[in-house]
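Comments concern the structure below.
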Amino acid sequence: MRSMVVTTLGGPEALHLEERPSPALEPQSVRIEVHAAGVNFADSLLLRGRYQVRPRPPFAPGLEIAGVVRDVGAATSVRRVGERVIGVMRYGGFADEVVMPEENTYPLPDGMDFTTGAAFPVAYGTAHGALSWKAALQADETCLVLGAAGGVGLAGVEIAAAMGAQVIAAAGSDEKLAICREHGASVGINYQTDRVRTRLPDLAANGVDVVLDTVGGDAGDDALRRLAWDGRIVTVGFTAGRIPAFPANRLLLQNAAVHGLYWGEVAALDPQRVGRSFARLGEWYGEGRLRPRVATVLPLADAAHGIELLLSRAVSGKVVLDCRR
Ligand SMILES: NC(=O)c1ccc[n+]([C@@H]2O[C@H](COP(=O)([O-])OP(=O)(O)OC[C@H]3O[C@@H](n4cnc5c(N)ncnc54)[C@H](OP(=O)(O)O)[C@@H]3O)[C@@H](O)[C@H]2O)c1
C-alpha cells in the first residue's frame, strides 16, 4: 500500500510517499480500497503535533476517506465486501488502503461519487453537529458563519440554509463571499476590509441568533458583541490563530450560550450519533439541498500541496486527494 507519511513533525513539506505491506485485518475492522481522501486544516495541526490527537511519527495524516470495502473482519456485522463507504479516522487516511474499525464507516450517500464522499464527513458532520446538536438552529433564525468559504464554513452555510435560517457569511475576500452566496448565504461580510461588528447592525438589526465560528480572532470577538437575545455561539476552530475569550457578563446580558464542539471525538465516542447525522445529510444531498464544493483534486503524492493551499487561504470549499493516482 502507498501512504503519505510524516517521520519528523513539521510543516507539509515533511510529508513523503511510502510503500509498505498492507496492515493486518483486525476482527472488528474492515479493509477499504481508498479512492479519495479529504484534506482538512486539522491535518496541518496533526503534522506539527499541535492537534488534540498527537500520534508519534511515523504516521499518515488524513481524517476522512471514501472507497470500497475489500475485506471484513471476523467480528464485523454490517459492512459487505464491495460496498461503497465513507470513513472517519483519527488519522491515517492519506493512503490508497486503510484498515479501520467498522463502526467508523458509513454508506456512501446515494448518488455521491468518491471525490464528493471524501469531502463530506468532517465538514458536513461538524457543521451539522454545530448547528443541529449544539445551537438547535431554528427556521427563520439568523445564522452568522465565520470562515464561511472554508470546508466546515461552506458546509455550515448550506446546512443553515437547508434548516431554513437566514445566513450571513463572513470571509476574507469578495470572491469567497460570492461563492458563499451561490451556496445559500443571503449576505456577506468581507472581514479583511470591514469589521464584523461594524457591518452586523445593518444586516441583523436585532443581532444574530447563532454563530458558527471556525476562525476565532477578531471576528470571533465581534460576533459575541452582536449576539441576539438567547443567542448561541458554537466554537469549532481558530484558524485566525487567536482563541477568543467570552466574558461571562456579555453572555449573561444576552441570555446567551457558548458551545464548544469537538466533532472528531464525538465521531470516535458515539459513531451511531454521527451515523444519524450522515443519514439526514445524505437525504438533503439527495434532494439537491447540499452541493459540496471540491475546489481541487490532487494526486495522493501531492498531499503537501493540498495542505499548503489551505494554509495560504487559497481555497473555497475542499481539497481532495485522488488516492488511485
Ligand atoms: N471542533 C471540531 O470538531 C472541528 C472539526 C473540523 C474542523 N475544525 C476546525 O475548524 C477550522 C476550520 O477547518 P476547515 O478544515 O474547514 O479549514 P479550511 O477549509 O482551511 O477553512 C478555514 C478558513 O479559515 C479562514 N482563515 C482565517 N485565517 C486563516 C489563517 N491564518 N490560515 C488559514 N485559514 C484562515 C480561511 O478563510 P478566509 O480566508 O476567508 O478568512 C479559511 O477558509 C480549523 O481550525 C479546524 O481545525 C474543528
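Brief remarks on what is shown
- DSSP beta bridges in the chain [antiparallel fraction, %, rounded to 5]: 55
- Cα shape, region 1-136, gyration tensor, a/c 1.5 rule: oblate
- Packing, taken as the mean count of other beta carbons within 10 Å per residue, orders the peptides 146-152, 314-320 from highest to lowest as 146-152, 314-320.
- Rounded, prolate or oblate (a/c below 1.5 giving rounded, otherwise prolate when a/b exceeds b/c) for region 116-197 by Cα gyration tensor: oblate
- A protection proxy built from the mean count of other Cβ atoms within 10 Å ranks the segments 245-257, 45-57, 212-224, most packed first, as 212-224, 45-57, 245-257.
- Only helices enter the 222 nm calculation for the chain: every DSSP H run of n ≥ 4 contributes -39,500 (n - 2.57), and dividing by all residues gives -8500 deg cm²/dmol, rounded to 500.
- Between helix 271-286 and the chain: long-axis angle, C-alpha atoms, 0 to 90°, nearest 10: 70
- Residues whose placed amide H lies under 5 Å from that of ALA148, excluding near-sequence neighbours: ALA170, ALA171
- Summary of packing: across the peptides 195-205, 113-123, the per-residue average of other C-beta atoms within 10 Å ranks them, highest first, as 113-123, 195-205.
- For region 123-263: rounded, prolate or oblate by the Cα gyration tensor [a/c cutoff 1.5]: rounded
Bear in mind these aren't lab numbers, they're just calculated from the coordinates by the rules spelled out. The structure displayed is predicted, hence computed values, not measured ones. Quick reminder, even Gly has a Cβ in these numbers, built from the backbone with ideal geometry, and neighbours come from all protein chains shown.
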